[in-house]
Structure formats: structure tokens, C-alpha cells
Amino acid sequence: MVELNSLKGSRERKKFPVSYFNLKYKTMKINVQFEKMPTNQSVENLAIKKLQKLNKKFDWIIAAKTFYKLEKDPKGKGKICRIELSLPGPKIVAFSNEETFEEATDETIRDLKIQLKKRKGEMKPFA
């Protein structure tokens, strides 16, 4: 149990279960996979950090699946990041092909923000 002072400033303390605070700040499930390549902890941490930041702005995201893939490309690119977001309604998917995984992650998150803003505008509030 966690004790908090009431908002009115009285001396009486209210007790709330810890789960009360967990309901206020929902977290989404984040899954990061590296396909046919060794894991890269720094890239994984970057993706988790950026997805958590995205979840603070759009709290109705349920889960995120991130896939990293390395392909041979004669143009120098070939580092692919693909992110699928589970939302109420259809899923949102974005991917990018860049020279580094960090750039690919940034570009993919940028694309997802655009799609999420569009989806938020289409959502209808309950009447």
C-alpha cells in the first residue's frame, strides 16, 4: 500500500493500492527482434526509448513489434527497420531502409507519428 496526502491538505492520509498508479500510466508491450543477425543492445535500447516516448504521446497504443533485418544492397543501404503497432482498430505498419539501424529507426518512428496523428484525427469520441 502507498500512502498519499489528500489533495485538500487535511491531515488524514489515504491509502491506495500500488496498482492504482499503474492504471494511470499504461505501458505497451514492446518486442524487438533481429532477423538472421546477432542482437545489438544499443539499437534495441534506442528503439525501446523511442517507442516509450511515442507511447507517452499516444497512450492508446497496445503493443509494438520491431524487426531489424540486414540485406545486401549495392547502394550502401540495406539496414531495414520495420515496426508494427497494435491499436484499437487496424494495425499500423512502417518500415525504412537506411545506412544505419539508428537512422532506420528514426525514419520509421517519424512515419509512425504521421500515421498516428492521422488516426487520432479520425477517432470519434463517445457521445
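Values for this structure:
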{"quantity": "Residue tally, condition more than 10 Å from the chain's Cα centre (by Cα) and loosely packed, with under 11 Cβ neighbours inside 10 Å, over segment 38-70", "calculated": "4"}
{"quantity": "Leading residue by the ranking (farthest from residue 102 (Cα to Cα)) among those in segment 29-43 that are outside any strand (DSSP E or B) and out of contact with any Ser or Thr (no Cβ under 8 Å at 6 or more places or on another chain)", "calculated": "36"}
{"quantity": "For residue 99: the one exception among (1) more than 17 Å from the chain's Cα centre (by Cα); (2) closer than 18 Å to residue 29 by Cβ; (3) not aromatic (Phe, Trp, Tyr)", "calculated": "(2)"}
{"quantity": "Filter result (out of contact with any Ser or Thr (no Cβ under 9 Å at 6 or more places or on another chain) and without any contact (Cβ under 8 Å) to a residue 24 or more places away in the chain) within segment 72-114", "calculated": "72, 74, 75, 76, 77, 78, 90, 91, 93, 99, 100, 114"}
{"quantity": "Matching residues, segment 71-103, being small (Gly, Ala, Ser) and surrounded by 15 or more Cβ atoms within 10 Å (Cβ to Cβ)", "calculated": "78, 86, 94, 96"}
{"quantity": "Tally of residues being part of a loop (DSSP other than H, G, I, E, B), more than 17 Å from residue 40 (Cβ to Cβ) and in contact with a strand residue (DSSP E or B) (Cβ under 8 Å, 6 or more places away or on another chain) across segment 78-127", "calculated": "1"}
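The numbers here are math on the coordinates, done by the rules we state, and not lab data. As the structure is a computational prediction, the values presented were derived from the model and not from experiment. For neighbour counting, all protein chains shown are included, and Cβ atoms are generated from backbone atoms with ideal geometry for every residue, glycine included.
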